[in-house]
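Some notes on the structure that comes next.
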Amino acid sequence: HYLANGWSVLPLWGVTDGVCGCGPDCTSPGKHPALQEWTTYFGRLPQQEEIESWFSTGNKNIGIVTGEISDNLLVIDCDDPKTYQALCYVYPDLTEALTAKTGNGYHIYCYTEQKVATISWWLNGKKHHIKAEHSQVVAPPSNHYSGRTYQFLEPDAAPYPVDLHRLKAALHTLKADTRKPVADEGGHERGRAAQVFRDGARTGERDEMTFYLANS
C-alpha cells in the first residue's frame, strides 16, 4: 500500500516484550532500520522483491522514508497530545491530514512542493520533529515499545498540502524553539520549568523551585 502511494519503505527492528530486535540496550526500541545500509532508499524506491524478503521473517516494524523520494512527504512528529492539540488549534487545517496515533503522540502526514530539511523543535518540555529530507518515521501498524500500536485515525484521509510559511507562523505563535536548547548558568536546559511542573520538586527544593517558576 505504501509503495503504491510512491513512498519509500524500510524494515525496522520490531519490539517483543519491550525489547528491541536490535538488542536489549537499544535507546529507541522499534525505530531503527533493520538494514546495514538504508540510506540507499533516500534515492530509490525498494522493489517488491526486497519488501517481501524484508518482511517474510522475524518481527519487523515499518518505516517510511520522508522527503523528495516519497513524493515530498513531510511528517510533523508531535511527541505528546498537548503539543498536537496546540498545533492544530493555531493551524486547524492540519486536522484534515492523514494522521497516525503513535506511542506518545501523533504523526501528521503532509506533502510540499519543494525539498525541506528535517528539523527538531521544542515545546512543552518535549522534543518534536518535522521529518523531511534524509529521515524516516515509524508507520502503522508498527508496534510501540509501550505495547501500543501505531494506527491511522482516519485511514482514508490524505496527506495535507502544508503551507510552509503558515506552519512556521504556527510554530512561532506557539513559541516553539527550533534551536537546540542551550544550558543556562545553572547547567539546566530550556524547558526546565515544564519539567518541574510535570515531575514536581524534589524533597528540600520546593522553595527554590517555586522561586525559579515565579521568575520563568
Got at least one residue in region 42-49 being under 17 Å from LEU167 (Cβ atoms), free of Cβ contacts under 8 Å to residues at least 40 places away in the same chain and among the polar types (S, T, N, Q)? no
Identify all residues within region 33-54 that are open to solvent by 70 Å² or more (accessible area, probe 1.4 Å) and either within 20 Å of GLU113 (Cα to Cα) or touching a strand residue (DSSP E or B) at 6+ places or on another chain (Cβ under 7 Å) (or both); write none if there are none. ARG44
Out of all the residues in region 87-106, is one or more of a type in the set (Asp, Glu), closer than 19 Å to ALA170 by Cα and open to solvent by 20 Å² or more (accessible area, probe 1.4 Å)? yes
Cβ-Cβ under 6 Å, sequence separation 6+ or interchain: first residue in region 110-137 and touching a residue at least 40 places away in the same chain (Cβ under 8 Å), partner part of a loop (DSSP other than H, G, I, E, B) and basic (Lys, Arg). Which pairs? GLU133/LYS115
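Do we find that GLU133 is open to solvent by less than 50 Å² (accessible area, probe 1.4 Å) and over 16 Å from ALA170 (Cβ atoms) in this structure?
Yes.
The values are calculated or read from the model by the stated rules, or taken from the named source; none is laboratory data. Predicted model, so just to flag it, every value in this text is computed and none were measured. For neighbour counting, all protein chains shown are included, and Cβ atoms are generated from backbone atoms with ideal geometry for every residue, glycine included. Just so you know, the surface numbers come from the protein's heavy atoms only, side chains and all, with ligands and any DNA or RNA stripped out. Shrake-Rupley method; radii C 1.70, N 1.55, O 1.52, S 1.80 Å.
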